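Remarks on the structure that follows.
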Amino acid sequence: MNRVDNRAVVRITLIVIGLLLATMFLLGLAYQTRQVLTWIVVAAFFAVALDPAVTWVENRARWCKRWLATLIVYLLAVVALAGVVTLLVVPLVREGGQLVQQMPTILADIRSGRGPIGHLLTRFHIIDYVESHSADFRGYVTRLGASTVTILSGIATGVAGMLTIFVLSYLMVLQAPKVVDGFLALFAEQRAQRIRRVSSDCAKAVTGYITGNLLISLIAGVLTWLVMALIGVPFAGLIGLFVAIADLIPLVGATLGAVVAVLAALAHSVTAAIIALIFFVVYQQLENHLLQPLIFSRTVQLNPLTVLLAVLLAVELAGILGALLAIPVAAIIQIIARDIWDTSRGRPKVTPTVGEERTPADEAPTAAEA
């Protein structure tokens, strides 16, 4: 009997050691391939966002096969992206050229203490500090120049990452029905229906977050550009583009964009800075209490405390990428937890639902309709 007990203890010990070693191996592998895993996660979110459009085209055009519907949607997405880039690049190139031409005059005004920036720098003795530490700054610039190869390598990696994400998301959407059907075939019918139901909820939450966040950022950028142009602040297009990109970052993005825009307005005049400050204070209140509830109410329904905790934890774990994915991931966790709770109480959902009010997914309007 003791011999049997000893064998059982040895077997359990070996199993525990094996599981620990396997876990350490998987964690090490994930760390070594973290960049590729990041690309896969981002591609999966884009695939989830575009899959409804592909399915809609496939269902409406009976003659359209899955591969053709996917190709059409992605071509339209590329055309739309190219159009947006073209609309942005033309004014950016023009304003960027003007900035380069005006840079000597701007620097001369700063050195002589003229203009709002010059007065501020003179008042706080920043120019004297820069001149007294000019040797140190030249050393920093020299070291930056020496790392040109590293910068170019980072740019090349970024381009490769974008292309990889595009191809991965395309293949994910193309193969989605086969992968889903093959995965669900591993489970019993009732369990497969439950997984499909929860997956539908999660997909709608991700799609709603992505489209809603892009729409809100576009509104922020356009309104910023209009206000900056109306009050005569130079390079309004550049400022609006920066605010739109920064607004994609939850919680801190809108504030960051507002600070940069107000500082740019201050460089023009104090009056412009005051107007810009008032605009951003009013707009952020409207965005937080009107735009976001209006767009996200039917898709991603999370209370402010959950959003704050999710973003803080995600930023600590994955930086800016974590901040971007925090809200949809939190929504997915909430959907799964709600389904587990409903099932454990013997009341599983008959139809997919979205939001805290559990509106049937088929009856919930899309972000565009909202």
Difference of contour (0.36 nm per residue) and Cα-Cα distance, VAL41 to VAL10: 7.2 nm
How much length would be gained if the chain were fully extended between VAL282 and LEU186, taking 0.36 nm per residue of separation minus their Cα-Cα distance, in nm to one decimal? 29.3 nm
Using 0.36 nm times the number of residues separating THR255 and MET162, minus their current alpha carbon distance, what extension gain do you get? 30.8 nm
Output ordering of 158-169, 48-59 (per-residue mean of other Cβ within 10 Å, highest first) is 48-59, 158-169
Compute the distance in nm between two label points, each set 7 Å from the Cα along the Cα-to-Cβ direction, one at LEU226 and one at TRP67. 4.6
Could you give the alpha-carbon Rg of region 238-291 over 2.2 N^0.38 Å, rounded to two decimals? 1.09
How high is the FRET efficiency between LYS178 and ILE274 when r is their beta carbon distance and R₀ equals 51 Å, given to the nearest 0.05? 0.30
Sites TRP56 and ARG34, calculated FRET efficiency, Cβ-Cβ separation with R0 45 Å, nearest 0.05: 0.85
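No value in this document is a laboratory result; all are computed from the given coordinates. All values reported here derive from a predicted model rather than from experimental measurement. Neighbour counts are summed over all protein chains in view; Cβ atoms, including those assigned to glycine, are modelled from backbone coordinates with ideal geometry.
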